[in-house]
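Undergrad: Okay, handing you the structure first.
The values are calculated or read from the model by the stated rules, or taken from the named source; none is laboratory data. Just so it is clear, the model here is predicted, and its values are computed rather than measured. Cβ coordinates were reconstructed from backbone atoms using ideal geometry, including for glycine residues, and neighbour counts include every protein chain displayed. Note: accessible area is taken over every heavy atom of the protein model, side chains too, but ligands, DNA and RNA are not part of it. Shrake-Rupley method; radii C 1.70, N 1.55, O 1.52, S 1.80 Å.
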Amino acid sequence: MQSHIQKTISQISPLDEKAVLKAREYQAMLAIPPGSLGELLKIGSRLSGITGKLHNSLPKKRIIVLAGDNGIAEEGVSLTPQSITMSQAVNMTKYLTGMSALAKHFGNEVQVVDVGIKYDYDCPKILNKRIRKGTNSFLRGKAMSEEEAIKAIEIGIELSDMAKSDGVSLIGVGEMGIANTTTSTAVLSVLTGLPADEITGRGGGLTDEMLCHKKEVIKKGIELNKPDKNDIIDVLSKVGGFDLAAMCGVFLGCAKNRLPVVIDGYISVVAALCASRLCPASSEFFFPSHCSEEKGYKIAINELSLEPYLNLKMRLGEGSGCPLAFELMDAACVIMNEMATFEKAEINDGYLDKIRNIPAEEAAQ
């Protein structure tokens, strides 16, 4: 593993447990039944653990979209032509896609980054970090070299550093890359040891026949390349994608920079899992947005021991869950910053003494 990635990992430290405890103690004084605001309270205390502050705000939010083409698309695993990667990357900069329309509505920044788009385009708003024009088909050898995988991860770290220097307070991680459910499923299969038959979904929409073919492609690619599940860079280089590797780097960079970072859907959660395997402490900075309908999502999110906040039966990707999760995280800050304590509300909270030490789950019953 190259020194830049190692250095990033060495700079990742756990949450500030004293700040987390202080936040929980403050939440216990809020004029509500203990634990009754559920995940909003947990978000608030985790933000305190990240920043070290009791009261937080998230005024500047950015969705970083990693765009790149995957050579495995050549094997007929997707109904969608590869040219759509380029077209939608451009449309994202115009706020015309599902994710970017939501981002515009909520006032979020969108940064589209080319790490391997196959087709040429004329769009200066796309940040050009292209490694090359798409990966190789992993049915014909490695998807990329180890050096390219390392470079992609480092690009992701660099993007997080850029966000930190720009004063961004919250990041979401999205993607654009035709056939990236295939690469993500291959990576997930290797990391979990679960067979492709159990975890492969329909991606952007496949017939039953094409789904069976997709499963076979993933199985054959893994058998051919024999990635080492204990070596994330080896896995990414053999059956991953530039987009996936760069997303992994963003997650690591956010943890290093102590920036909360939102997981989008399936591709995003597999990238987060890769980052967590490289550095387990990094997952303390991850906030899951929504439950993707893609088959392998629940397996990946369970591997991270996280539970998504929303279930809207979404499966678009792009980062489309991030603007929605951003609003929930703002709500968590509002609770910490604006809600009255019992003292301020002039309410005697003595009636709660009997249940203060009862777990919130029991108290709610």
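Undergrad: Take segment 196-227 and flag every residue that is within 30 Å of Glu147 (Cβ to Cβ), open to solvent by less than 70 Å² (accessible area, probe 1.4 Å) and outside any helix (DSSP H, G or I).
TA: Listed by number, the residues that qualify are Thr200, Gly203, Pro227.
Undergrad: Would you mind finding the one in Gly317, Gly321 that is modelled with pLDDT under 95 and either open to solvent by less than 20 Å² (accessible area, probe 1.4 Å) or under 14 Å from the mean Cα position of the chain (by Cα) (or both)?
TA: Every option except Gly317 fails the conditions.
Undergrad: Hey, could you check segment 279-306 for residues that are out of contact with any strand residue (DSSP E or B) (no Cβ under 9 Å at 6 or more places or on another chain) and not in a helix (DSSP H, G or I) and say which is nearest to Phe326 (Cα to Cα)?
TA: Ser292
Undergrad: Looking at segment 170-182, can you tell me whether even one residue there is open to solvent by 60 Å² or more (accessible area, probe 1.4 Å) and out of contact with any Ser or Thr (no Cβ under 9 Å at 6 or more places or on another chain)?
TA: no
Undergrad: Further question: With respect to Ser268, determine if the residue is over 23 Å from Thr200 (Cβ atoms) and either part of a loop (DSSP other than H, G, I, E, B) or touching a residue at least 40 places away in the same chain (Cβ under 8 Å) (or both).
TA: On the way: over 23 Å from Thr200 (Cβ atoms): no; either part of a loop (DSSP other than H, G, I, E, B) or touching a residue at least 40 places away in the same chain (Cβ under 8 Å) (or both): yes.
Judged against the criteria, Ser268 is not a match.
Undergrad: Considering only segment 22-120, give the helices (runs of 4 or more DSSP H) lying wholly within it that have at least 3 residues that are under 30 Å from Asp208 (Cα atoms) and over 19 Å from the mean Cα position of the chain (by Cα).
TA: 83-93
Undergrad: Next question, about the same structure. Which ones in segment 328-365 are charged (D, E, K, R), surrounded by 14 or more Cβ atoms within 10 Å (Cβ to Cβ) and modelled with pLDDT of 75 or more?
TA: Step one: filter segment 328-365 for residues charged (D, E, K, R), giving 330, 338, 343-344, 346, 349, 353-354, 356, 361-362.
Those left that are additionally surrounded by 14 or more Cβ atoms within 10 Å (Cβ to Cβ): 330, 349.
Result: Asp330, single match.
Undergrad: Could you check how many residues of segment 1-21 are part of a helix (DSSP H, G or I), surrounded by 13 or more Cβ atoms within 10 Å (Cβ to Cβ) and either on the phi > 0 side of the Ramachandran plot or at pLDDT below 95 (or both)?
TA: Summing the residues that are part of a helix (DSSP H, G or I), surrounded by 13 or more Cβ atoms within 10 Å (Cβ to Cβ) and either on the phi > 0 side of the Ramachandran plot or at pLDDT below 95 (or both) in segment 1-21 gives 1.
Undergrad: Same structure again: Being out of contact with any Cys (no Cβ under 6 Å at 6 or more places or on another chain) and open to solvent by less than 10 Å² (accessible area, probe 1.4 Å) is the filter here, so list the residues in segment 141-154 that pass it.
TA: Ala143, Met144, Ala149, Ala152
Undergrad: Taking Glu303 as meeting all but one of (1) surrounded by fewer than 17 Cβ atoms within 10 Å (Cβ to Cβ); (2) in contact (Cβ under 8 Å) with a residue 40 or more places away in the chain, write down the number of the exception.
TA: (1)
Undergrad: Report the residue count in segment 309-354 for those that are aliphatic (A, V, I, L, M), outside any loop (DSSP other than H, G, I, E, B) and in contact (Cβ under 8 Å) with a residue 40 or more places away in the chain.
TA: Residues that pass the stated criteria total 9.
Undergrad: Another question, then. Being within 18 Å of Gly265 (Cα to Cα) and surrounded by fewer than 24 Cβ atoms within 10 Å (Cβ to Cβ): is that true of Gly249 here? Please lay out each step first, then the result.
TA: Values: within 18 Å of Gly265 (Cα to Cα): yes; surrounded by fewer than 24 Cβ atoms within 10 Å (Cβ to Cβ): no.
Against the criterion (within 18 Å of Gly265 (Cα to Cα) and surrounded by fewer than 24 Cβ atoms within 10 Å (Cβ to Cβ)), Gly249 does not qualify.
Undergrad: Could you give every pair whose Cβ atoms fall below 7 Å, whose first residue belongs to segment 28-49 and is in contact (Cβ under 8 Å) with a residue 40 or more places away in the chain and more than 20 Å from Arg258 (Cα to Cα), and whose second residue is open to solvent by 40 Å² or more (accessible area, probe 1.4 Å) and among the β-branched types (Val, Ile, Thr), counting only separations of at least 6 or pairs across chains?
TA: Final answer for the pair search is Ala31/Ile347; Pro34/Ile355.
Undergrad: Taking Leu244, is it touching a Lys or Arg at 6+ places or on another chain (Cβ under 8 Å) and either closer than 18 Å to Ile64 by Cβ or surrounded by fewer than 19 Cβ atoms within 10 Å (Cβ to Cβ) (or both)?
TA: no
Undergrad: crowded, with 24+ Cβ neighbours inside 10 Å, touching a residue at least 40 places away in the same chain (Cβ under 8 Å) and not in a helix (DSSP H, G or I): which single residue out of Val262, Val235 fits that description?
TA: Val262
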